[in-house]
């Protein structure tokens with residue numbers, strides 16, 4: 001594999017293939033190249049197993065590549081048009097040789113690169129100092145160490161029709177199943193990937209633990225997360241500020257639509273005081289919240305601003321989503337809690353939670369609420385946690401006008 005050049009298609013038949021994989025700083029191992037296609041014979045028919053017990057506190061992957069080249073000159077090392085498809089990757093968490101390492105499947109950066117119909121299993125992370133990733137596509141690199149090898153953004157990279165399940169039971173710290181955005185230790189200068197996507201994937205975190213996240217997307221414009229099923233994880237995602245992790249960054253524009261989040265403590269989770277997401281749209285998603293997790297963590301959408309004087313979030317649109325507890329049970333969950341958004345629109349959502357004021361906001365400059373209801377048809381008004389008052393909307397204004405007209409006729 002190491003001798004293969006760019007624009008090579010590798011067809012793998014049935015069976016298990018062993019690789020030393022990739023980590024930053026590795027030498028002598030094969031790496032992904034531009035235009036390379038690695039095509040298996042099908043999920044669980046072709047299995048690539050990562051075997052590398054090097055004693056380093058690193059993120060280990062079965063496949064990856066250096067993000068920069070030094071010869072013949074310093075330049076980015078983009079895996080443009082690279083594709084991995086139709087196989088299973090055994091991340092082999094048990095093989096890690098360091099107490100602070102993590103085991104993932106794929107890490108790459110390039111224009112039009114993608115991962116399609118890949119299953120990842122036996123993944124995990126050992127230490128909070130080295131958060132793990134399973135499928136990781138980077139939208140830019142702004143701290144490569146040399147301005148000549150920085151990448152301000154890539155176009156049209158994504159993950160599609162993948163399965164991430166069967167984590168190693170010993171994995172005990174933060175790991176994200178699907179991540180398209182900033183790298184593990186990004187710089188503070190934001191990159192802008194154009195049109196990244198995570199589509200039609202399935203993530204199962206196994207036993208519900210607080211250290212597993214489903215999807216994340218950052219450092220992008222017009223990002224799309226759609227048609228995914230995320231089950232049995234603490235944070236469905238995307239997230240920013242979760243556990244103070246540095247790889248989580250803001251984005252210009254991300255849309256989540258037609259996703260299912262089941263047995264999660266939160267869906268999107270943002271907790272920053274500055275440089276948050278500029279535009280977040282959630283449309284037609286289903287949230288089935290886990291029970292037994294104490295608030296305030298347990299909201300389908302939770303956006304906290306730490307009482308920042310300037311709103312860290314731009315426009316937030318929550319429209320035609322459904323929120324309920326797992327198996328329609330009852331707990332202390334809320335539907336939406338948004339703090340510090342410049343514009344907030346909450347429209348036509350269905351909420352079956354059985355709690356008081358499940359839709360909340362505060363310090364939002366321009367907030368509007370329209371036709372949010374329970375399954376029985378009862379109107380749910382937005383609640384301002386600062387003024388301790390409910391917002392009016394067209395439905396309540398019309399009702400008030402009708403009652404007033406009846407009183408005036410007497």
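None of the figures in this text is laboratory data; all of them are computed from the coordinates on show. Keep in mind the model is a prediction, meaning the values are calculated, not measured. Reconstructed Cβ throughout: ideal geometry from the backbone, glycine too, with neighbour counts over all protein chains shown.
Please sort 203-214, 31-42, 128-139 by packing, taking for each peptide the average over its residues of neighbouring beta carbons within 10 angstrom, highest first.
On the way: 203-214: 21.2, 31-42: 19.2, 128-139: 24.8.
Highest to lowest by the protection proxy: 128-139, 203-214, 31-42.
First check a/c for segment 164-207, with a ≥ b ≥ c the square roots of the eigenvalues of its C-alpha gyration tensor; if it is under 1.5, answer rounded, and if not, answer prolate when a/b is larger than b/c or oblate otherwise.
Numbers: a/c = 5.51, a/b = 1.57, b/c = 3.52.
Note, shape of segment 164-207 comes out oblate.
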Next on the checklist: I need the shape label for segment 113-190. Rule: rounded when a/c is under 1.5, else prolate if a/b > b/c, else oblate, with a, b, c from the alpha carbon gyration tensor.
Outcome noted: oblate
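Below 8 Å, C-alpha to C-alpha, sequence gap of six or more: please give me the relative contact order for segment 1-157 in percent.
Numbers: 445 pairs, mean separation 34.8, N = 157.
Relative contact order of segment 1-157: 22 percent.
Full extension from residue 55 to residue 129: what is 0.36 nm times the residue separation minus their Cα-Cα distance, to one decimal in nm? Numbers along the way, then the final one.
Details: separation 74, 0.36 × 74 = 26.64 nm, distance 1.54 nm.
Gain on extension, residue 55 to residue 129, equals 25.1 nm.
Counting only DSSP beta bridges with both residues in segment 1-67, what percent are antiparallel, rounded to the nearest 5? The partial results should precede the final answer.
Values: 1 of 10 bridges.
Counting DSSP beta bridges with both partners in segment 1-67, the antiparallel share is about 10 percent.
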Checklist outcome for this item: Of all DSSP beta bridges having both residues in the chain, the percent classed as antiparallel (nearest 5) is 5 percent
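How would you order 20-29, 277-286, 370-379 from highest to lowest mean count of nearby Cβ atoms within 10 Å?
On the way: 20-29: 15.9, 277-286: 20.2, 370-379: 13.2.
Per-residue Cβ counts within 10 Å, averaged per peptide and sorted highest first, yield 277-286, 20-29, 370-379.
Calculate for the chain the 222 nm mean residue ellipticity that helices alone would give, adding -39,500 (n - 2.57) per DSSP H run of length 4 or more and normalising by residue count, nearest 500 deg cm²/dmol.
Details: 1 runs with 16 residues, N = 410.
After summing the helix terms and dividing by residue count, I get -1500 deg cm²/dmol.
Out of all DSSP beta bridges in segment 140-235, what portion is antiparallel? Express it as a percent rounded to 5. Spell out each step's value before the answer.
Numbers: 1 of 21 bridges.
Around 5 percent of the beta bridges assigned by DSSP in segment 140-235 are antiparallel ones.
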Next on the checklist: Tell me the label only: which of (i) 22.6, 91; (ii) 21.3, 64; (iii) 43.1, 143 is Rg and Dmax of the Cα atoms in Å as calculated from this structure?
Outcome noted: (i)
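Using only the alpha carbon atoms of segment 1-160, find the Kirkwood hydrodynamic radius as the inverse mean reciprocal pair distance, in angstroms to one decimal. Mind showing how you got there, number by number?
On the way: mean 1/r = 0.0633 Å⁻¹.
Answer for segment 1-160: a Kirkwood hydrodynamic radius of 15.8 Å.
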Item to check | Mean Cβ neighbour count within 10 Å, used as a protection proxy, ranking 93-99, 9-15 highest first | outcome: 93-99, 9-15
Next on the checklist: How tilted is helix 394-409 with respect to the longest principal axis of the chain? Cα atoms for both, answer in degrees (0 to 90, nearest 10).
Outcome noted: 0 degrees
Checklist entry - Where the centre of each part is set by its Cα atoms, how far does segment 158-174 sit from segment 175-225, in angstrom? => result 12 Å
Checklist entry - What number, in percent, do you get for the relative contact order of the chain if the mean sequence gap of Cα pairs under 8 Å and at least 6 apart is divided by its residue count? => result 8 percent
Checklist outcome for this item: Row for segment 196-320, column shape: gyration tensor on C-alpha, a ≥ b ≥ c, rounded if a/c < 1.5 i.e. under 1.5, prolate if a/b over b/c, else oblate; value oblate
